[in-house]
Amino acid sequence: MAHKPFKAVIPAAGLGTRFLPATKAMPKEMLPVVDKPAIQYVVEEAVSAGIEDVLIIIGRNKNNIANHFDSMPELEVKLREKGDLDRLAKVEHSTDLADIHMVRQGEPKGLGHAVLRARSHVGDHPFAVLLGDDLIDERDPLLTTMLGEYDRHGASVVALMEVDPDQVHLYGVAAVEATDTDGVVKITGLVEKPKKEDAPSNYAVIGRYVLGPEIFDVLEHTEPGKGGEIQLTDALQEQAADPDAGVYGVVFGGRRYDTGDKLDYIKAIVQLASDREDLGAELRPWLKDFAAGL
Ligand code: UTP
């Protein structure tokens, strides 16, 4: 690795309109998935990939996120007095996880705009962008693979997933060509949320990116695109079209949960809870009975 250590950037300043009214006074990244807010899984994923410095882009309702990663002395004292060391460890864990920083995005002008807010903190480090409402199962080490591909190519790397053609209008979609590595493609073009008939493929960009600091210069002049927002996809399209830059895709076939979507959020909770040692043994037979009665 001939570059400075990777940092992580977690944009969490969107309006979360698909989840109203729950997200009226709380960012969707704070919705609990079993017993942890979604964003904690994402911070843990960055830490498991070896990243120690995490910047969260916050919007309105910022205090919820900041408080979660801060220490909570009254609660810690109470738990210690009660001898509830298990819960104490859980409370302290979110504070000790990583070196966490926050920066505000005044107005939600798009994901590209949110990433640009990270510029002064990230400096000349390469960095991973992890969307705070997109969970990758901890058993599938996608981010580690992506960091390795960044090291190999020295170019932007995005995570891709094959989706049903009826779903392409929900994602950035990539035109791709094969490379000599299985599961890694070169991206020749990117379109944000295309109609099914205009989509170059069914390879959808999911919420993980590994970028070099050069992306900030591109974002500085990226005009608002789809939905009037500054789109990260448009900046990546510019890099994909530039022979001196380039963008690679790691095709992910593992477990992903989109907690910004109501139905996927419910599925995520059921799947993760049934896999848990403390809950699964009781939940799985209940689910079977429940499904049999439908
Ligand atoms: P989404 O488009 O999924 O988030 O953005 P949203 O706009 O909050 O959701 P809906 O569609 O209204 O329900 C993807 C990610 O980028 C962040 C969001 O918080 C989410 O993690 N984001 C988006 C920002 O941080 N700032 C923005 O201006 C837009």
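The values are calculated or read from the model by the stated rules, or taken from the named source; none is laboratory data. Just so you know, these numbers come straight off a predicted model, no measurement behind them. Glycine also receives a Cβ, built like all others from the backbone with ideal geometry; neighbour counts cover every protein chain displayed. Ligands, DNA and RNA are stripped out before the accessible areas are found, and what is left, the full protein with its side chains, is counted by its heavy atoms. Shrake-Rupley method; radii C 1.70, N 1.55, O 1.52, S 1.80 Å.
Some values worked out for this structure:
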| item | result |
| --- | --- |
| Unmet requirement for S94, which otherwise passes all of (1) in contact with a Pro (Cβ under 9 Å, 6 or more places away or on another chain); (2) open to solvent by 20 Å² or more (accessible area, probe 1.4 Å) | (2) |
| Residues located in region 166-175, provided they are surrounded by 21 or more Cβ atoms within 10 Å (Cβ to Cβ) and out of contact with any Leu (no Cβ under 6 Å at 6 or more places or on another chain) | V168, Y171, V173 |
| Selection from region 50-70 of residues that are in a strand (DSSP E or B) and more than 18 Å from the chain's Cα centre (by Cα) | N61 |
| Residue match in region 106-122 (condition: more than 16 Å from the ligand (Cβ to nearest atom), open to solvent by less than 80 Å² (accessible area, probe 1.4 Å) and in a helix (DSSP H, G or I)) | no |
| Members of region 1-20 that are open to solvent by 40 Å² or more (accessible area, probe 1.4 Å) and either among the β-branched types (V, I, T) or assigned to a helix (DSSP H, G or I) (or both) | T17, R18 |
| Pair list, Cβ < 9 Å and 6+ apart or interchain, from region 176-194 residues that are closer than 13 Å to L160 by Cα to residues that are aromatic (F, W, Y) and open to solvent by less than 40 Å² (accessible area, probe 1.4 Å) | G183/F252; V184/Y248; V185/Y248; K186/Y248; I187/Y248 |
| Filtered residues of region 182-231 (kept if polar (S, T, N, Q) and touching an Asp or Glu at 6+ places or on another chain (Cβ under 8 Å)) | T188, N202, T222, Q231 |
| Residue list for region 123-150, restricted to those being touching a residue at least 12 places away in the same chain (Cβ under 8 Å), small (G, A, S) and either outside any loop (DSSP other than H, G, I, E, B) or over 25 Å from V33 (Cβ atoms) (or both) | G123, A128 |
| Scope region 257-276; condition surrounded by 15 or more Cβ atoms within 10 Å (Cβ to Cβ), farther than 13 Å from V34 by Cα and charged (D, E, K, R); matching residues | D258, D261, D264 |
| Inter-residue pairs, beta-carbon under 7 Å, first within 16 Å of G16 (Cα to Cα) and in region 105-122, second assigned to a helix (DSSP H, G or I) and open to solvent by 10 Å² or more (accessible area, probe 1.4 Å), 6+ apart | Q105/H113 |
| Cβ pairs under 6 Å, 6+ apart, first in region 5-23 and more than 6 Å from the ligand (Cβ to nearest atom) and at pLDDT 95 or above, second open to solvent by 20 Å² or more (accessible area, probe 1.4 Å) and not acidic (D, E) | K7/H125 |
| Flag for Q239 being of a type in the set (S, T, N, Q), over 18 Å from the mean Cα position of the chain (by Cα) and open to solvent by less than 20 Å² (accessible area, probe 1.4 Å) | yes |
| For T23: the one exception among (1) in contact with a strand residue (DSSP E or B) (Cβ under 9 Å, 6 or more places away or on another chain); (2) assigned to a loop (DSSP other than H, G, I, E, B); (3) open to solvent by 10 Å² or more (accessible area, probe 1.4 Å) | (3) |
